[in-house]
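No lab work stands behind these numbers, since they all come straight from the coordinates. From a predicted model like this one, the values you see are computed outputs, not experimental measurements. Here the Cβ positions follow ideal geometry from the backbone for every residue, glycine too, while neighbour counts run over all protein chains shown.
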Amino acid sequence: MLEKPIRAAGAKVMIYDYCVIGGGIVGLATAMRLLEDRPGASLLLLEKEDKPGLHQTGHNSGVIHAGIYYPPGSLKAELCRKGAEATKAFCAENGIRFKVCGKLLVATSDLEVERMDALFERSKKNAIEIHRVSQGELKEREPNIRGRGALFVPSTGIVSYGEICKAMARRVSALGGEIRLSMRVTGIRETIDAVDIASAGESWRARRLVVCAGLQSDRLAILAGLSIEHRIVPFRGEYYRLPAEKNEIVRHLIYPIPDPTLPFLGVHLTRMIDGSVTVGPNAVIGFAREGYPRLSVKLADMADYALFPGFWKTVLAHRRSAMTELRNSLWKPGYLSECRKYCPSLTLDDLLPHEAGIRAQAVRRDGALIHDFLFAETDRMLHVCNAPSPAATSAIPIAVMIAGRITGK
Ligand SMILES: Cc1cc2nc3c(=O)[nH]c(=O)nc-3n(C[C@H](O)[C@H](O)[C@H](O)COP(=O)(O)OP(=O)(O)OC[C@H]3O[C@@H](n4cnc5c(N)ncnc54)[C@H](O)[C@@H]3O)c2cc1C
């Protein structure tokens with residue numbers, strides 16, 4: 001349970017210019033940008049784990065998204081497009097391996113053909129290069145993939161966001177920032193001229209605080225006294241990995257055409273930067289925010305969403321897909337059938353175990369899944385409340401935006 005900060009009367013504490021909570025890619029990119037904007041400022045980054053990037057940032061598909069899916073004018077559309085370029089540039093500057101392998105979105109039914117047409121128009125509005133691919137061309141490009149047609153997005157890439165995190169952490173340190181690992185923040189109190197931050201046994205004071213706590217972001221917002229209308233619901237993204245001899249089964253990333261009412265992209269075949277190919281992720285409600293093994297349960301995490309009316313409303317609204325996801329999570333042949341829609345040669349033996357990821361998905365009190373990035377601000381704090389995919393791709397421009405709001409630049 002998170003507690004309020006306790007500071008002994010008269011105790012002396014150093015005042016930092018900035019404190020950032022969370023050492024995922026959003027927190028690290030923000031710390032880096034704040035120090036680039038204000039050279040010489042003092043900055044403290046607090047991360048509860050013993051390494052940065054161990055949660056969403058270290059458990060994702062590693063895709064540098066181009067930004068085709070998002071409604072024109074949304075933060076996701078703008079920050080993903082900018083983020084794809086910024087991520088590639090950051091990798092090039094820091095010697096991090098990335099590959100622009102392109103992505104095919106494959107339609108396998110009448111409904112998907114209809115949705116594919118809508119997606120094509122949206123991509124053009126988002127100014128992203130995209131091409132229609134006929135059934136015959138699809139077969140030529142990807143002999144193991146079947147579909148009624150496809151869209152090709154040449155600029156989509158792959159990378160290890162864990163490697164990006166390491167490079168960002170090095171840069172933060174080089175710019176004079178202090179990174180404290182194994183520091184779980186248990187108290188936040190905003191005063192007129194500063195914010196007091198506490199963990200078990202230590203406390204700090206900062207003029208401005210940025211909270212980038214991913215799966216714990218709603219808890220930290222409540223701890224800091226914010227009145228929020230949403231809660232984080234953990235959505236597991238379960239993967240399989242193909243055997244090494246099948247690593248060449250596809251040349252591009254292969255995605256289905258997604259259901260536009262959901263913020264998830266459907267089970268895809270992803271070429272990873274280490275040469276392996278993953279299958280997934282699905283999107284199934286998790287019983288623990290940070291429990292990665294299948295059937296991990298944490299009662300406090302379940303109680304949090306079970307007591308939130310928005311959770312039940314969203315389950316009711318999406319009950320069909322929720323049941324299908326749950327069934328396919330528990331029953332491998334069901335999962336396989338999702339991938340065989342576009343890659344019929346896959347067999348059950350091809351689905352090898354691979355660690356799951358868990359998405360921090362904000363849900364509103366009325367049951368709406370919040371699709372766009374969401375931020376909440378007070379005089380001295382900025383909380384990142386919803387930063388699901390493509391926030392890894394978008395982290396650098398998200399950081400530019402946050403730093404701009406904090407420093408007034
Ligand atoms: C299965 C899956 C696949 C995805 N695929 C992609 C993809 O291909 N491309 C893409 O762009 N995005 C993808 N995403 C989304 C992307 O990974 C996330 O949007 C991004 O990593 C969010 O970064 P973050 O820094 O906000 O959160 P996180 O990486 O979760 O970091 C939050 C950090 O805060 C720390 N923290 C929390 N509470 C406290 C506390 N009390 N005190 C101190 N520290 C605390 C945590 O330990 C954690 O390190 C995917 C996500 C998942 C789960």
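Couple of notes before you dig in:
- Between Leu119, Leu104, Leu295, the GNM of the chain built on Cα springs shorter than 10 angstrom shows Leu295 fluctuating the most.
- For segment 278-323, a crude dipole built from +1 on the beta carbon of Lys and Arg and -1 on the beta carbon of Asp and Glu, taken about the Cα centre, is about 200 debye to the nearest 20.
- Stokes-Einstein, applied to the Kirkwood radius of the chain over Cα pairs at a viscosity of 1.567 mPa s and 4 °C, places its translational diffusion at 59 µm² s⁻¹.
- Each principal axis of the Cα cloud of segment 140-194 was evaluated for its coordinate range; sorted largest first, these ranges are 62, 27, 22 Å.
- Euclidean distance of C-alpha centroids, segment 263-290 and segment 59-106, integer Å: 16 Å
- Whole-Hz Karplus values for segment 110-127 come out as 4, 4, 5, 5, 4, 5, 5, 4, 5, 5, 4, 5, 4, 4, 5, 5, 7, 6 Hz, taken residue by residue from phi with 6.51 cos²θ - 1.76 cosθ + 1.60 and θ = phi - 60°; glycine and proline positions read x.
- Kirkwood-type radius of segment 255-391, with distances r between different C-alpha atoms, in Å: 16.8 Å
- ³J(HN,Hα), Karplus 6.51/-1.76/1.60, whole Hz, each residue of segment 208-217, x for Gly, Pro: 9, 10, 10, 10, 10, 9, x, 5, 9, 5
- Length added when fully stretched, Glu377-Ala118, from 0.36 nm per residue minus Cα-Cα: 89.8 nm
- The mean sequence separation of alpha-carbon pairs under 8 Å and at least six residues apart, normalised by the residue count of segment 258-409, gives a relative contact order of 18 percent.
- With contributions of -39500 (n - 2.57) from each DSSP H run of at least four residues, the per-residue ellipticity at 222 nm computed over the chain stands at -10000 deg cm²/dmol.
- Rounded if a/c under 1.5, otherwise prolate or oblate - segment 293-338, Cα gyration tensor axes: oblate
- With each label modelled as a point 7 angstrom along the Cα→C-beta vector, the Arg97-Ala306 pair spans 4.5 nm.
- Percent of beta bridges antiparallel (DSSP, the chain, rounded to nearest 5): 70 percent
- Rounded to the nearest whole Hz, the Karplus-based 3J(HN,Hα) values (6.51 cos²θ - 1.76 cosθ + 1.60, θ = phi - 60°) of segment 156-172 follow the sequence 5, x, 9, 6, 9, 5, x, 5, 4, 4, 4, 5, 5, 4, 4, 5, 4, with x at glycine and proline.
- Three-way shape call for segment 48-199 based on the alpha-carbon gyration tensor, with the a/c threshold at 1.5: prolate
- Amide H to amide H distances under 5 Å link Gly187 with Ala198, where only residues 5 or more positions off or on other chains count and H is placed in the peptide plane.
- Amide H to amide H, with H built 1.01 Å from N, Tyr16 comes under 5 Å of Arg205, Ala206, Arg207, counting only residues 5 or more places away or on other chains.
- Note on the chain: dipole from Cβ charges, positive end direction compared against Ala387, Thr278, Gly237; the farthest Cα belongs to Ala387.
- Max mean-square fluctuation residue, GNM over the chain, Cα-Cα springs under 10 Å, options Gly67, Gly357, Gly201: Gly201
- Sorted on the mean count of surrounding Cβ atoms within 10 Å across their residues, most packed first, peptides 252-262, 156-166 read 156-166, 252-262.
- Between Lys341 and Leu299, full extension at 0.36 nm per residue minus the direct alpha carbon distance yields a gain of 11.5 nm.
- Relative contact order (%) - criterion: Cα under 8 Å, at least six apart; region: the chain: 24 percent
- Flagged links, alpha-carbon separation over 31 Å, of Lys82/Lys332; Lys298/Lys332; Lys82/Lys298; Lys124/Lys341; Lys139/Lys166; Lys99/Lys313: Lys82/Lys332; Lys82/Lys298; Lys139/Lys166; Lys99/Lys313
- Dipole moment magnitude, nearest 20 debye, the chain about Cα centre, only Lys, Arg, Asp, Glu C-beta charged: 120 debye
- Protection proxy ranking, highest mean first, for peptides 396-408, 372-384: 396-408, 372-384, where packing is the per-residue count of other beta-carbon atoms within 10 Å, averaged.
- Approximate spin-label separation Glu355-Ala174, in nm, with each point projected 7 Å along Cα-to-Cβ: 2.7 nm
- Less than 5 angstrom separates the built amide H of Val210 from those of Cys19, Val20, Ile21, Leu382, all sequence-distant by 5 or more or on a different chain.
- Cα-based shape type of segment 85-147, given that a ≥ b ≥ c are square roots of the gyration tensor eigenvalues and the cut on a/c is 1.5: oblate
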